[in-house]
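Presented below is the structure to which this report refers.
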Amino acid sequence: MKYLTPGPIQLPKEVLTHISRQPGFHRSEEFKKLLEKVIENLEKIIKGNAIILPGTGTFSIDTMVYNYIKPNDKVLLIDIGEFSKRLGDSLKSRGAIVELITSEIGSLPLPDLIEEKIKIMREVKAIAMVHNETSIGITNRFIEKIQDIASSYGALLLVDSVSGIPAENINKEIDVIATASHKAFLSIPGASIIYINKNPDNNSNVPPSMDLKKFLKMKPNCETPYTPPINVIAGLEYSTNYILNMGVNNYTKIHEERSRILYNSVKLKPIVNNEIFRSNTVASFYTNHVKEIINDLKEKGYTIANGIGNLSNKAVRIGLMGDIDFHDIKAVSEAINNYVD
């Protein structure tokens, strides 16, 4: 079975070899050298002070929220899909006062509208957004402009890019980015990754396992306050070297090409009409034959995903990350096209 899912992804055999080892002692010099190398690689790929915690994408987002937001802080949430709503749930669980700016499904609110909303709200602590919305395959490519808006109003920009970076590259320093190991970073689930360009100033009841200040304090000595995801980090050693050897821009272009070919091949209606905002990592299409398509592809040796939330029975999603090639994309497209109404 080959996985063209939004994550976890089809892993290269070399990554599996790297993780198939006895976990080392995380206080040993050997592990410190491994962690130092992986952190160094992560920071070459995306700008920021990289922290690795045990967890997945959801934990990295909750950690970001709890370190930067206090109860009753005002936060503007850009809602473009199901994972945007989950980011909102995390903010609300923290006690934030959340204001929404939304758009029609498959589209994005323009930066001017975001700035107008901030002016009305006043004293906004943060703008929170999903960079790459996994539920519908849309990428907010206004992210760098939104960072400028946040900075100009003294607000933080908090970003969920769990299914985005580095296949959806960001060239600008972003205040805080939460992501994970098991999507475009090409490792197994188990590592929450947070990029920090503004240090947390929150001391309000942050759970110990989430306290980024502890991780930042121990990072110069290549240590972590708690047991890290050792074998996931071993996988990241190979995958980050692989990405850097290819070049981050080339890595992004490969995913762009996969997305372009898939959208040009599949005859179903895309959820995201505007090509400019179609994700490099996840493609999504409307269909009345979700179960039939998924079952047919399983028989042919491929796994894809159905939609999420209100689209669970109305859409399919195809992941474009991992060890897949253009033959796989062609095979999946041909199978899907048997179900065009």
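The values are calculated or read from the model by the stated rules, or taken from the named source; none is laboratory data. Everything quoted here is computed from the prediction, not taken from an experiment. Positions of Cβ are backbone-derived with ideal geometry, glycine not excepted, and every protein chain shown enters the neighbour counts.
List of remarks:
- Residue match in the stretch 34-54 (condition: part of a loop (DSSP other than H, G, I, E, B) and without any contact (Cβ under 8 Å) to a residue 24 or more places away in the chain): no
- Q147 meets the conditions (1) buried (at least 18 other Cβ atoms within 10 Å of the Cβ); (2) out of contact with any helix residue (DSSP H, G or I) (no Cβ under 9 Å at 6 or more places or on another chain); (3) part of a loop (DSSP other than H, G, I, E, B) in every case but one. The failed one is (3).
- Criterion (acidic (D, E), more than 15 Å from T139 (Cβ to Cβ) and modelled with pLDDT of 95 or more) met by exactly one of D325, D341: D325
- Consider the stretch 89-124 and keep the residues that are farther than 23 Å from D148 by Cβ, within 20 Å of the chain's Cα centre (by Cα) and small (G, A, S). The one that is surrounded by the fewest Cβ atoms within 10 Å (Cβ to Cβ) is G106.
- Scanning the stretch 221-253 for residues that are without any contact (Cβ under 8 Å) to a residue 60 or more places away in the chain and either of a type in the set (A, V, I, L, M) or touching a Gly at 6+ places or on another chain (Cβ under 8 Å) (or both) gives a single hit, M246.
- Qualifying residue in the stretch 246-264 (condition: within 17 Å of A184 (Cα to Cα), surrounded by 12 or more Cβ atoms within 10 Å (Cβ to Cβ), in contact with a His (Cβ under 8 Å, 6 or more places away or on another chain) and of a type in the set (A, V, I, L, M)): no
- Lone qualifier among D79, D89, D73, D62 - being without any contact (Cβ under 8 Å) to a residue 12 or more places away in the chain and either at negative phi or touching a Pro at 6+ places or on another chain (Cβ under 8 Å) (or both): D89
- In the stretch 303-324, the count of residues that are assigned to a helix (DSSP H, G or I), surrounded by 15 or more Cβ atoms within 10 Å (Cβ to Cβ), in contact (Cβ under 8 Å) with a residue 12 or more places away in the chain and aliphatic (A, V, I, L, M) is one or more.
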